[in-house]
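Taken together, the values in this text are just the output of simple stated rules run on the coordinates, not laboratory data. Just so we're clear, the structure is a prediction, and the values are computed from it rather than from any experiment. Glycine also receives a Cβ, built like all others from the backbone with ideal geometry; neighbour counts cover every protein chain displayed.
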Amino acid sequence: MKDIEHLLRVAVIFLASITVFLVVRAVVKPESYGKIGRYRAEALDDSKALPVRYAGQKECGPCHKAQVKEKAGSSHSGVSCESCHGALAAHVAAPKGAKPAKPAEAEMRRFCLRCHEASVSKPAKFPVQDGTKHNPDMACGMCHKPHAPKI
Amino acid sequence: MRELPRRDFLKLTASALLTAAAAALAAPAAWAEKFYREPPWRRKKPYWGFGVDIEKCIGCARCVDACKTENDVPREPFYFRTWVERYIIRKDNEIKIDAPNGGLDGYPPVADPETVAKSFFVPKLCNLCESSPCVQVCPVGATFKTEDGVVLIDKKYCIGCRYCIQACPYGTRYFHPVLQVADKCSVCYHRLKRGMVTACVEVCPTGARMVGDLSDPESNVTKFRENNKVQTLKANMGTEPKLVYKGLDKEVR
């Protein structure tokens, strides 16, 4: 008996540690952890439930038919409404409540040139202008309508 | 113990070998499945991928702005889920990379444009790694790859240890100063699940960005990968990104 006493002592320590581990694990582990993979399955629902701020292009057409049609036939056809007017999911939900942003006339040059300022880094085919030389004192909108910019 | 006659020993060995060979032929070794390199989107549906056409990017940073709005990313100039880098490669091989405020403030004019060999914009975001270093290092399983191939963060479970931030080879993670957890591009998972495109894709005026289902042979991203010569960033890291670039220069890191 004396010979295996030290073995028994170690075995008891091991068993106790394993029990403590299992108890702690059962208490600490979130319920949905491991249901799909090594993560909380509920985290997926959290990610899915986040609010949407940008409504998407197709939401604009039903109310703003004329503008959407004008834009669709222009060189800005690939630019979505929210690209210039900002996030509009709130406006879609309550059209009278949240109003879309619109670059002010004084702001217009800076805003348009953010895309159209000449730069060696831009693709060769993209239409650009040197803002310091191209009618520097005029707002872009005086000649170019934003929804159909070609004159 | 009885001695085994030579004849019996040979018979036994031969039959054992034959049985093993027959078994191997009948069922192609199951362990080989582990090394089979079939892309996961052959089996899983949907499976999200991303495409960026560098030749179309004009560096307007509408994507950066939209991303910050959609995902409540802090407005300070060092927190980004996506940002746009400008590369300027001079004829004497000097390379300059800048992205003032992620591109949101515009880029200063290039000095001495005649000495520039080439210059272009590179939008950066989560590379959607198939084997993600960030997922591997998370000690609590708070960052994970979903069944549809997106790497997400469980913000309620993250302990804020920042291991994932230093593990990402693309630097696409940051530490959220308010929530005190790691944060990263989720490819607007909440939008994808509602059948919408990501906020950055929605506002991109030139169509330089696209998001789509890799398991659909007709999807935009599948076609983009088939019809163009595409590349991933840091392929040598073995992360197998599902974000591919068209027109990627070798100097891009």
Rounded to two decimals, the Debye log10 I(q)/I(0) of the stretch B:112-245 (Cα scatterers, no solvent) at q = 0.14, 0.16, 0.21 Å⁻¹ is -0.72, -0.91, -1.37
Beyond 23 Å, the calculated P(r) of the stretch B:1-137 holds a percent of Cα-Cα pairs equal to 63
Here the Cα Rg-to-2.2 N^0.38 Å ratio for the stretch A:103-151 is 1.11
Over all directions, the protein assembly as shown yields a Cα convex hull whose mean projected area in nm² is 34.1
Simple spin-label estimate for A:THR132/B:LYS250, 7 Å along Cα→Cβ, in nm, reads 3.6
If every Lys and Arg gets +1 and every Asp and Glu gets -1 at its Cβ, then about the Cα centre the protein assembly as shown yields a dipole, in debye to the nearest 20, of 660
To the nearest 0.05, the calculated FRET efficiency linking A:SER32 and B:ASN227 through their beta-carbon distance, R0 being 45 Å, is 0.65
Between the modelled labels at B:ALA167 and A:ALA72 (7 Å from Cα along Cα→Cβ) the distance in nm is 4.8
In the protein assembly as shown, taking the dipole from +1 charges on Lys and Arg beta carbons and -1 charges on Asp and Glu beta carbons about the Cα centre, the listed residue (B:ASN93, B:PHE78, B:ILE153) farthest towards the positive end is B:ILE153
Around B:GLN231 (Cβ within 15 Å, Cβ-to-Cβ, excluding B:GLN231; K/R +1, D/E -1) the net charge comes to +2
Dividing the surface of the Cα convex hull of chain A by four yields a projected area in nm² of 19.1
With a Förster distance of 22 angstrom and the Cβ-Cβ distance between B:ARG75 and A:CYS63, calculated FRET efficiency to the nearest 0.05 equals 0.15
Over chain B, the sum of -39500 (n - 2.57) across DSSP H runs of at least four, divided by residue number and rounded to 500 deg cm²/dmol, gives at 222 nm -6000 deg cm²/dmol
Karplus-derived 3J(HN,Hα) from phi for the stretch B:95-103 (6.51 cos²θ - 1.76 cosθ + 1.60, θ = phi - 60°), whole Hz, x at Gly and Pro, runs 10, 10, 10, 9, 7, x, 6, x, x
Log entry: pair-distance distribution for the stretch A:52-102, C-alpha pairs binned every 10 Å from zero, whole % per bin is 26, 59, 14, 0
Check: C-alpha center the stretch B:223-253 vs C-alpha center the stretch A:51-83, spacing in Å is 31
Of B:ARG62, B:ARG75, B:ARG173, the most mobile residue in a GNM of chain B (C-alpha springs, cutoff 10 Å) is B:ARG75
In debye to the nearest 20, the charge dipole size for the stretch B:43-246, taken about the Cα centre with +1 at each Lys and Arg Cβ and -1 at each Asp and Glu Cβ, equals 420
On the formula 1/(1 + (r/R0)^6), with r taken between the Cβ atoms of B:ASP92 and B:GLU218 and R0 of 56 Å, the FRET efficiency rounded to 0.05 is 0.75
PRE zone check, label point 7 Å out along Cα-to-Cβ of A:VAL120, amide N under 14 Å, scope the stretch B:108-134, hits B:108-121
Between A:VAL92 and B:ALA24, the two model label points (7 Å from Cα along the beta-carbon direction) sit apart by a distance in nm of 5.9
Karplus-derived 3J(HN,Hα) from phi for the stretch B:114-127 (6.51 cos²θ - 1.76 cosθ + 1.60, θ = phi - 60°), whole Hz, x at Gly and Pro, runs 6, 8, 7, 6, 7, 8, 6, 9, 10, x, 10, 6, 4, 7
Of the listed links A:LYS122/B:LYS156; B:LYS156/B:LYS229; B:LYS56/B:LYS91, those spanning more than 32 angstrom between alpha carbons are A:LYS122/B:LYS156; B:LYS156/B:LYS229
Taking Rh as the Kirkwood radius computed over alpha-carbon pairs of the stretch A:2-48 and applying Stokes-Einstein at 20 °C with viscosity 1.002 mPa s, one gets a diffusion coefficient in µm² s⁻¹ of 161
Computed on Cα atoms only, the convex hull of chain B has an orientation-averaged projected area in nm² of 22.2
